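K.L.:
Have a look at the structure that comes next, please.
The values are calculated or read from the model by the stated rules, or taken from the named source; none is laboratory data. All values derive from a computational prediction rather than experimental measurement. Every residue, glycine as well, gets a Cβ built from its backbone with ideal geometry; the counts of neighbours run over all protein chains shown.
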Amino acid sequence: MNKKEIQQTILDTLKKAHPPKWGASHTEEKNLFKRFPKHIRGTKQVKKALEELYKLGFINKYKKTGEIHVSLNIRKKKEIEAFLEEEPY
């Protein structure tokens, strides 16, 4: 998987969660990796892709109950939707 596919999978995981993880609705960061094959989970490639999503402002990071929790940034909804529609390179 390339970086773009990983990032789209992470965003898609948050968007398709029940309920969707926008704004104040959040989940533990470790739950983002459950959709990846076991040999990819926790690799540097996945962590770098996630860090880039934080830098782009697509994902908010919170420190809750001693764990990192994440949610999609509601202010970047249009950009996130456009990013998900793009073809992976």
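K.L.:
Consider Arg41 carefully, then state whether it is surrounded by fewer than 17 Cβ atoms within 10 Å (Cβ to Cβ), more than 10 Å from the chain's Cα centre (by Cα), under 17 Å from Leu84 (Cα atoms) and not hydrophobic (A, V, I, L, M, F, W, C).
P.N.:
So Arg41 fails the test.
K.L.:
Continuing with the same structure: Could you please find all residues in the stretch 52-89 being among the polar types (S, T, N, Q) and in contact with a helix residue (DSSP H, G or I) (Cβ under 9 Å, 6 or more places away or on another chain)?
P.N.:
Asn60, Ser71, Asn73
K.L.:
Mind counting the residues in the stretch 4-20 that are within 18 Å of Lys55 (Cα to Cα) and more than 9 Å from the chain's Cα centre (by Cα)?
P.N.:
Residues in the stretch 4-20 being within 18 Å of Lys55 (Cα to Cα) and more than 9 Å from the chain's Cα centre (by Cα): 2 in total.
K.L.:
Output the residue which, of all residues in the stretch 35-56 that are of a type outside the set (Val, Ile, Thr) and farther than 14 Å from Gln8 by Cα, is modelled with the highest pLDDT.
P.N.:
Lys55
K.L.:
If you don't mind, another one. Tell me, which residue of the stretch 59-89 that is exposed (fewer than 12 other Cβ atoms within 10 Å of the Cβ) and touching a residue at least 60 places away in the same chain (Cβ under 8 Å) is nearest to Ile10 (Cα to Cα)?
P.N.:
It comes out as Glu86.
K.L.:
Before we move on, is Ile40 out of contact with any Asp or Glu (no Cβ under 9 Å at 6 or more places or on another chain) and within 23 Å of Lys78 (Cα to Cα)?
P.N.:
no
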